[in-house]
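Peer 1: Right, I'll just put the structure down here and ask away after.
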Amino acid sequence: MIPIIAEIERVKQAFMTALEAATTHQALEQVRLLFLSRQGELAALMAQLKELSVEQKRQAGPALNELRSLFQVAFDARQKLVADLAMRGEQEQAASFDVTAVRSVARRGSIHIYTQIIEKLEDIFISMGYSVVEGPEVETEFYNFDALNIPANHPARDAHDTFWLTIPSLLLRTHTSPVQIRALEKQEFPLAICAPGRVYRNEATDASHNFMFTQIEGLFIDKHVSMANLIATVETFLQAVFEKKDLKVRARPSYFPFVEPGIEIDCSCPFCAAGCSICKKTGWIELMGAGLVHPNVLKSCGIDPEIYSGFAFGLGIDRLAMMKYGINDIRLFQSPKIGFLEQF
Ligand code: FA5
């Protein structure tokens, strides 16, 4: 037997084995490339034919023709089978496709409660003719204390447990009041600004105290500004905050070094008519510190207190939000608990 006949037999076996193993279109394409393409095994055998003698060609020619038709027939049959398999697979998949199944969708984020409330408070201030300004969270001792009439050794500094930086005279601001000074320095009157932002106090935390929280400050300066202007402004502001037109405010004497007189402002409880757990059955809620800007503060900014006067007030946004939404732990605002955050 001439060697090419044995070679034809080997290629035939290899082809049939590879064909039977092919169950996908991709696998079938590999078989075609390996055996039927121009660089494939069949073409290589055909190329050998012209090297053979006439006698050998007489034996090998028909064997190779037979091999070629076998390849074609077997390949076509397998191609049909693979196509059928693929179609059946798709049909089975389609049959088991549940059009009613719930698709898991990507979770959507929501705007943080702080941002929502700050934006709402800013809108109210803007509607009253105030502009929104910001100050740095890393502040100097001068802006946070000295210019606000709280010199070194003043007992009021003890109430602001301060995070001092290792760089002398720098600290994390303990309130938004230093923004008052930054605005006053510009000496553009009348001045009406609000200043929201994060503040820091080196305090032990509990359900109503945090070491970082948010405040918003209001400041108005012009000629002949009085306590009556302050009370009326705060009442209008709080009526808008709680969306209650009949909300009332009351003032109690208090002390903040940067205002004189200083007051605490309470508002009538917006959540009940006859006493609830939020107002501790008193009908009033303590909301903010306020007062007429101290002449020393105006002077420290080069403003003549004989000509200009004004008022300032500041409130804690976290505690406001806690009341409004019935949140019982201030630390939740800064927690990564998705369940809490996505309620807003
Ligand atoms: C001040 O910070 C003054 N700068 C407010 C002010 C502005 C008075 C303008 C007069 C004129 P006080 O220390 O009371 O004041 O803080 C204001 C509010 O911040 C409080 O009413 C409270 O709501 C909130 N607050 C204070 N400490 C904390 C704390 N540790 N955690 C959460 N909220 C706090």
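The values are calculated or read from the model by the stated rules, or taken from the named source; none is laboratory data. These numbers were taken from a predicted model, which means no experiment stands behind them. Here the Cβ is made from the backbone with ideal geometry for all residues, glycine too, and neighbour counts use every protein chain on show. To get the accessible areas, we keep the full protein, side chains included, count just its heavy atoms, and leave off ligands, DNA and RNA. Shrake-Rupley method; radii C 1.70, N 1.55, O 1.52, S 1.80 Å.
Peer 1: Give region 249-260 a look and list any residue that's more than 14 Å from the ligand (Cβ to nearest atom) and out of contact with any Cys (no Cβ under 7 Å at 6 or more places or on another chain), or say none. Lay out the reasoning, then the answer.
Peer 2: Going residue by residue through region 249-260, those that are more than 14 Å from the ligand (Cβ to nearest atom) are 249-250.
Result: 250, single match.
Peer 1: Moving on to the next point. Return yes when residue 286 is closer than 16 Å to residue 149 by Cβ, open to solvent by 20 Å² or more (accessible area, probe 1.4 Å) and assigned by TED's automatic domain parsing to the domain that holds residue 156 and no when it is not. Show your work before the answer.
Peer 2: Working: closer than 16 Å to residue 149 by Cβ: no; open to solvent by 20 Å² or more (accessible area, probe 1.4 Å): yes; assigned by TED's automatic domain parsing to the domain that holds residue 156: yes.
For residue 286, the condition - closer than 16 Å to residue 149 by Cβ, open to solvent by 20 Å² or more (accessible area, probe 1.4 Å) and assigned by TED's automatic domain parsing to the domain that holds residue 156 - is not met.
Peer 1: Which residues, taken from region 91-120, are part of a helix (DSSP H, G or I), open to solvent by 80 Å² or more (accessible area, probe 1.4 Å) and under 30 Å from residue 176 (Cβ atoms)?
Peer 2: The one that is part of a helix (DSSP H, G or I), open to solvent by 80 Å² or more (accessible area, probe 1.4 Å) and under 30 Å from residue 176 (Cβ atoms): 119.
Peer 1: If you go through region 179-207, how many residues are more than 28 Å from the chain's Cα centre (by Cα) and open to solvent by less than 60 Å² (accessible area, probe 1.4 Å)?
Peer 2: As a first pass, look at region 179-207 and keep what is more than 28 Å from the chain's Cα centre (by Cα): 180-192.
In the following step, the residues that additionally are open to solvent by less than 60 Å² (accessible area, probe 1.4 Å) were identified as 180-181, 183-184, 189, 191-192.
Count: 7.
Peer 1: Can you tell me which condition residue 169 does not meet? The list is (1) touching a strand residue (DSSP E or B) at 6+ places or on another chain (Cβ under 8 Å); (2) within 21 Å of residue 297 (Cβ to Cβ); (3) surrounded by 14 or more Cβ atoms within 10 Å (Cβ to Cβ); (4) among the hydroxyl-bearing types (Ser, Thr, Tyr), and all the others hold.
Peer 2: For residue 169, the failing item is (3).
Peer 1: If you take the residues in region 302-326 that are crowded, with 18+ Cβ neighbours inside 10 Å and more than 10 Å from the ligand (Cβ to nearest atom), which one is modelled with the lowest pLDDT? Give the derivation first.
Peer 2: Looking only at region 302-326, we keep the residues that are crowded, with 18+ Cβ neighbours inside 10 Å, and these are 303, 308-322.
Now narrow it down to the ones that are more than 10 Å from the ligand (Cβ to nearest atom): 303, 308-310, 321.
Numbers: 303: 97, 308: 98, 309: 98, 310: 98, 321: 93.
Here the residue is 321.
Peer 1: So for region 32-48 (the condition being under 60 Å from the mean Cα position of the chain (by Cα) and polar (S, T, N, Q)), does at least one residue qualify?
Peer 2: At the first step, the residues of region 32-48 found to be under 60 Å from the mean Cα position of the chain (by Cα) are 32-40.
This time we only want the ones that are polar (S, T, N, Q), so: 37, 39.
For region 32-48, residues under 60 Å from the mean Cα position of the chain (by Cα) and polar (S, T, N, Q): present.
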